[in-house]
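For reference, the structure discussed in these notes is given below.
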């Protein structure tokens with residue numbers, strides 16, 4: 001389940017959703033999302 005949430009978050013980041021919206025939809029922490037952003041750069 002966590003892997004699906006990460007995939008959803010990655011796709012949302014590509015579409016330029018803000019961190020707060022991604023948190024609301026996926027339930028991921030801000031820290032987890034920021035790590036995804038760092039990996040994409």
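Observations on the model:
- Matching residues, the stretch 20-41, being under 17 Å from residue 1 (Cα atoms) and without any contact (Cβ under 8 Å) to a residue 24 or more places away in the chain: 22, 23, 24, 25, 26, 27, 28, 29
- Here is the figure for the stretch 20-41: residues that are outside any loop (DSSP other than H, G, I, E, B) and surrounded by 15 or more Cβ atoms within 10 Å (Cβ to Cβ) total 6.
- Applying the condition of being at pLDDT 95 or above and more than 17 Å from residue 41 (Cβ to Cβ) to the stretch 1-17 and asking which residue is farthest from the chain's Cα centre (by Cα) yields 4.
- Within the stretch 1-19, the set of residues being loosely packed, with under 10 Cβ neighbours inside 10 Å and either part of a helix (DSSP H, G or I) or touching a residue at least 40 places away in the same chain (Cβ under 8 Å) (or both) comprises 3, 4, 14.
The values are calculated or read from the model by the stated rules, or taken from the named source; none is laboratory data. For clarity, every value in this text was computed on a predicted model and none was experimentally measured. Because the Cβ atoms are built from the backbone with ideal geometry, glycine has one as well, and the counts that use them run over all protein chains shown.
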